[in-house]
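S.K.: Handing you this structure, nothing more for now.
Laboratory data are not the source of any read-out in this text; all were calculated from the coordinates shown. Remember, it's a predicted structure, so these values are computed and weren't measured experimentally. Note that each Cβ is placed from the backbone with ideal geometry, even for glycine, and that neighbours are counted across all protein chains shown.
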Amino acid sequence: MYLENGTMDERVITVKDIEDVEGFIKSSIENMQGYLEDKDQNIAKGTGDFQVTSDEKACSRCNFVEVCKMAR
Ligand code: SF4
């Protein structure tokens with residue numbers, strides 16, 4: 001339901017839709033864990049293991065810009 005205008009939109013969610021989302025989530029978790037030195041302790045790898053973007057637009061909207069600039 002859209003709260004702004006009170007209309008409803010019905011969607012049929014299939015088992016494949018759920019499996020696709022689960023696959024996306026698992027892949028995302030694995031990607032993020034790839035940047036950890038120690039998964040159990042949630043310790044990140046060193047700053048040299050992270051690539052910075054050359055897209056200034058992305059940096060202008062980034063929540064980590066201050067930390068990122070200090071690490072460069
Ligand atoms: S400021 Fe944000 S978007 Fe830009 S390089 Fe750093 S982490 Fe990436």
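S.K.: Step through the residues of the stretch 15-20 one at a time and calculate ³J(HN,Hα) from phi using the Karplus curve (6.51 cos²θ - 1.76 cosθ + 1.60, θ = phi - 60°), rounding each to whole Hz and writing x for Gly and Pro.
M.R.: Each residue's phi maps through the Karplus curve to give 4, 5, 4, 5, 5, 5 Hz.
S.K.: So what J values fall out for the stretch 59-71 if you push phi through Karplus, 6.51 cos²θ - 1.76 cosθ + 1.60 with θ = phi - 60°, rounded to Hz, Gly and Pro as x?
M.R.: 5, 5, 9, 7, 6, 10, 4, 5, 5, 4, 5, 5, 7
S.K.: Express in nm, to one decimal, how much length is gained between residue 14 and residue 38 on full extension, taking 0.36 nm for each residue of separation and deducting their alpha carbon distance.
M.R.: Stretched out fully, the residue 14 to residue 38 stretch lengthens by 5.0 nm.
S.K.: Follow-up question, since we're still on this one. Normalised by the number of residues in the chain, what is the relative contact order in percent for Cα pairs under 8 Å and 6+ residues apart?
M.R.: 12 percent.
S.K.: Just to be sure I understand: if I project the alpha-carbon convex hull of the stretch 15-71 onto a plane and average over all orientations, what area do I get in nm²?
M.R.: Over every viewing direction, the Cα hull of the stretch 15-71 projects on average to 5.6 nm².
S.K.: For the charge dipole of the chain, defined by +1 on Lys and Arg C-beta atoms and -1 on Asp and Glu C-beta atoms about the Cα centroid, which residue among 18, 52, 42 has the Cα displaced farthest towards the positive pole?
M.R.: Of the options given, the answer is 52.
S.K.: Moving on to the next point. Amide H neighbours of residue 36 under 5 Å, at least 5 residues apart or on other chains, H built in the peptide plane: list them.
M.R.: The list, which skips near neighbours in sequence, is 45.
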